[in-house]
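Since the structure comes first, as structure tokens, the remarks are kept for the end.
Derivation of every value follows stated rules applied to the coordinates shown; laboratory data play no part. The structure displayed is predicted, hence computed values, not measured ones. Neighbour counts run over all protein chains shown; Cβ positions are idealised from the backbone, glycine included.
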Amino acid sequence: MGIGCMAVAGESQMNYRIEDTFGWPIEAVVPLLGGDKELIAFEDLPNVNMRKQIMRRRDGTKLFKVFEWNVHGQIPKAAQKVISPEKLKFTEYSVWDDETCCFDTRIEPHFMKNLVSCHSKSTWRRLDDARSHRVIEGRLDIQIPLIGPVVEKTIIDYLKKNTAKGTVAMKKVFTERIGPEKS
């Protein structure tokens, strides 16, 4: 697994990239990703209090999903006066596209909507006949002077931990539904 994280010079935004290889062919993985059921219980991930599905609708090759989240991250000391734990609720808007094998996700915080933007793409592709590859690329922008970059880094750190644990859980589900992982 590769995780990259980079602050863009002169701006208060952080771009990130996470890559994983899965030992199952893309043809076996894609139906599960765009299927009727969620693959893993996100509530079991580090830093997640609650994830509740609000909407799920299929329209042709696209699956539209909306979730409400509440996370409980340790707020950096510099940000605690502005952001309390109860302000860490957000709505996730995701679209899975069967044709592009991609999740396009936008996060809308309930607190300071006009100061925070977060977007990611999780793209799956064939690596070879037995393996698939996922690349998650995203951007987090918190427009709060001085503490924005600190909070961005903290959120990206939690995102990395959640992604790593989610990858392990996803591989377990793939093993149960598809069979053993190929290397």
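What does the extension gain come out to for VAL66 and GLN143, with contour length at 0.36 nm per residue minus their alpha carbon separation?
On the way: separation 77, 0.36 × 77 = 27.72 nm, distance 2.46 nm.
Taking VAL66 through GLN143 to full extension adds about 25.3 nm, to one decimal.
Provide ARG51, ARG17 in ascending order of the number of other Cβ atoms located within 10 Å of each residue's Cβ, fewest first. Can you show the working numbers first?
Numbers: ARG51 17, ARG17 14.
By the 10 Å Cβ count, ascending: ARG17, ARG51.
Please list, ordered by chain and number, the residues whose modelled amide H lies under 5 Å from the amide H of LEU127; skip anything fewer than 5 residues away on the same chain.
Amide H neighbours of LEU127: ILE26, SER132, HIS133.
Taking amide H atoms as placed 1.01 Å from N in the peptide plane, list the residues 5 or more away in sequence, or in a different chain, whose amide H sits under 5 Å from that of GLU181.
none
Give me the extension gain from ARG125 to VAL150: residue separation times 0.36 nm, minus the current Cα-Cα distance, reported in nm with one decimal. Can you show the working numbers first?
Numbers: separation 25, 0.36 × 25 = 9.00 nm, distance 3.32 nm.
The ARG125-VAL150 span can extend by a further 5.7 nm.
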